[in-house]
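Q: What follows is a single structure, and I will ask about it in a moment.
The values are calculated or read from the model by the stated rules, or taken from the named source; none is laboratory data. The structure displayed is predicted, hence computed values, not measured ones. Ideal geometry is used to build each Cβ from the backbone, glycine not excepted, and the neighbour counts take in all protein chains shown. When the accessible area is computed, the model is the full protein with side chains, heavy atoms only, and any ligands, DNA or RNA have been set aside. Shrake-Rupley method; radii C 1.70, N 1.55, O 1.52, S 1.80 Å.
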Amino acid sequence: MSEFLAAARGRRVEMSTVVVDRLLRKPFRIAGEEHVDITALLVTVTSGSGASGEGECNPFAVPGWDLRRCMTELEAVQPFLGAGASRTELFELMPAGPARNALDSALASLDLRESAPLHTRRVQTDLASAKTVSLPAPGEDFEFDEVATLEVVKLKIDATTPISVLEDLRNASSDVRVLVDANGSLDAEGVNRWLPALREHRVEVFEQPMDPSADRYLADVEDRGEVLFCADESFQRIGDLSELSDRYDMVNIKLDKVGGPSAAVRAFALASGFGLKRMIGCMIGSSLAVAPAWWLAAEADFVDIDGPTLIVEDVQHAMQWNGSRATRPSPLLWGSGT
């Protein structure tokens, strides 16, 4: 699949943007944050033939970015798009981040619609993604009602979460694959307290245990067993990869961070070269936001693209979910449509 997402054509296109506010089904809590809605930025590019492609980003999901900066970056690149700049040239014209992701995703969809019909390729019709159990409100318990129906679950924790929650989760399902994500909330003592329980309860991934400013400690943690340490907040751009392999086993590659599917293809290859496993992840967004990631997931070691399940109203032609399984995106949503 990467060869299609990496292929880039140059042609003159017109670009338009739309800002959409999306309500969440229920409050989404991670360490230090609570979200009840998100802002999405949608980009559409249209070629002279009348074909179009769409992309979506979450402009506030990456440190240093917001809606104003995204719009400024997109406005600055508009003349180059009118002159025929390709996705490859966007690496020089735009910094990595949400704005480039939305535009690169839109251009990739257009490229595929004009040249490479994805849906005619022999690929699976669905894939398993982690479904997220977010932190409960203070004084409330984690909600594990759905866990028995899932193949993979990601459990959000923070420094106040009792370790006994792992036993509660295993009581809900002894078979589900488990990832635990601390979003950088633990200190060294906290990592050492959680690690034996993670091994005992067959947790496969410990994501961002410590804040990026303190995570060098992880290089000295030797008794990990089979638990993989995964960088998320510590991995913000492709250039970070060379510094992570001494303390992490895996990186969470998100399109909004690296700057689109074209950059994600590069990140996949480079991460492998540094001996790092790859997770394909996402920010909260619609099926349009995660559709390009779905096509990259076949090359990932872990998949976490459940963002669309968290919003009240998804887009037209949305991906469908059955437990942990997400269906292949419709060509009417993203990619080839012929």
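Q: Starting from residues that are at pLDDT 95 or above and of a type in the set (D, E, K, R), keep the ones in the range 290-324 and report whichever is surrounded by the fewest Cβ atoms within 10 Å (Cβ to Cβ).
A: It comes out as E313.
Q: Between V165, V178, which is buried (at least 18 other Cβ atoms within 10 Å of the Cβ), in contact with a strand residue (DSSP E or B) (Cβ under 6 Å, 6 or more places away or on another chain) and over 21 Å from A271 (Cα atoms)?
A: That would be V178, the only listed residue that is buried (at least 18 other Cβ atoms within 10 Å of the Cβ), in contact with a strand residue (DSSP E or B) (Cβ under 6 Å, 6 or more places away or on another chain) and over 21 Å from A271 (Cα atoms).
Q: Between residues in the range 151-167 that are without any contact (Cβ under 8 Å) to a residue 60 or more places away in the chain and residues that are in a loop (DSSP other than H, G, I, E, B) and open to solvent by 20 Å² or more (accessible area, probe 1.4 Å), which pairs lie under 8 Å by C-beta distance while being six or more apart or on different chains?
A: Going by the 8 Å Cβ cut-off, the qualifying pairs are L155/F142; V165/F142; L166/H201; E167/H201.
Q: For the range 311-320, what are the residues that are in contact (Cβ under 8 Å) with a residue 12 or more places away in the chain and either part of a loop (DSSP other than H, G, I, E, B) or within 14 Å of V153 (Cα to Cα) (or both)?
A: Result: V312, E313, D314, V315, Q316, H317, A318, M319.
Q: Any idea which of T72, T132 is at pLDDT 95 or above and under 16 Å from I305 (Cβ atoms)?
A: Exactly one residue qualifies, and that residue is T132.
Q: Looking only at the range 150-168, count every residue that is over 21 Å from the mean Cα position of the chain (by Cα) and either at pLDDT below 95 or within 25 Å of D211 (Cα to Cα) (or both) and tell me the total.
A: 8
Q: Go through the range 119-162 and give me each residue that's over 21 Å from L296 (Cβ atoms), open to solvent by 30 Å² or more (accessible area, probe 1.4 Å) and polar (S, T, N, Q).
A: T149, T160
Q: Now for a separate question. Would you say F60 is touching an Asp or Glu at 6+ places or on another chain (Cβ under 6 Å), under 26 Å from F302 (Cβ atoms) and of a type in the set (F, W, Y)?
A: Yes, satisfied.
Q: A follow-up question, please. How many residues does the range 22-33 contain that are within 18 Å of the chain's Cα centre (by Cα) and either within 22 Å of D158 (Cα to Cα) or among the aromatic types (F, W, Y) (or both)?
A: Here the count works out to 6.
Q: Pairs please, first residue from the range 182-204 and closer than 15 Å to L166 by Cα, second anywhere and open to solvent by 10 Å² or more (accessible area, probe 1.4 Å) and part of a helix (DSSP H, G or I), Cβ atoms under 6 Å, 6+ apart in sequence or on different chains.
A: Final answer for the pair search is H201/R170.
Q: Any chance you could count how many residues in the range 321-338 are β-branched (V, I, T) and assigned to a loop (DSSP other than H, G, I, E, B)?
A: 1
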